[in-house]
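**Student:** Handing you this structure, nothing more for now.
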Amino acid sequence: MTEVNLIFLYKGQNIEIQAKREQYMKDIFSSLHKKISKEVNNLFFLYNGQIINENLKLEQINNKDNRIAILVQELDKEDTQKEEDNSEQKNILCPICGKSCIININDYKIL
């Protein structure tokens, strides 16, 4: 069993955790949870630009390096909710007063 040093980059900090290649990522994430006191469900983990599947083993992600850097980001529910609200909006709002606008189009010109 080979030990691997995982370096989690979270909010400008480097948090090191040792793990075995045979461990599942969800167990490694659980170890990180204990160190940072943050729910793992509110985080996502990136390695080589891709989100890590927690059901994979470490050896399935990287089987050769003894030091692996993983970027940790928080899921921002407020931003996600705002994007969903804006995408469903059907009215065009005036940038000055915030009320609904009426736009007349005549001969391909906005009046």
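The values are calculated or read from the model by the stated rules, or taken from the named source; none is laboratory data. Because the structure is a prediction, the values reported are computed rather than measured. Neighbour counts are summed over all protein chains in view; Cβ atoms, including those assigned to glycine, are modelled from backbone coordinates with ideal geometry.
**Student:** Just to be sure I understand the filter: pairs with C-beta atoms under 9 Å, separated by 6 or more residues or on different chains, first member in the stretch 85-111 and part of a loop (DSSP other than H, G, I, E, B), second member modelled with pLDDT of 75 or more and among the small types (Gly, Ala, Ser). Which pairs pass?
**Tutor:** If the second residue must be modelled with pLDDT of 75 or more and among the small types (Gly, Ala, Ser), the pairs left are Asn91/Ser100; Ile92/Ser100; Cys94/Ser100.
**Student:** Being among the basic types (Lys, Arg) and within 15 Å of Asp65 (Cα to Cα) is the filter; apply it to the stretch 7-25 and report the residue that is surrounded by the fewest Cβ atoms within 10 Å (Cβ to Cβ).
**Tutor:** The qualifying residue surrounded by the fewest Cβ atoms within 10 Å (Cβ to Cβ) is Lys20.
**Student:** Of all residues in the stretch 32-53, how many are modelled with pLDDT of 90 or more and either among the hydroxyl-bearing types (Ser, Thr, Tyr) or not in a strand (DSSP E or B) (or both)?
**Tutor:** Going through the stretch 32-53 one residue at a time, the tally reaches 3.
**Student:** Assuming Asn106 fulfils every condition listed in (1) at pLDDT 85 or above; (2) surrounded by 10 or more Cβ atoms within 10 Å (Cβ to Cβ) apart from one, which condition is it?
**Tutor:** In the conditions (1) at pLDDT 85 or above; (2) surrounded by 10 or more Cβ atoms within 10 Å (Cβ to Cβ), Asn106 misses (2) alone.
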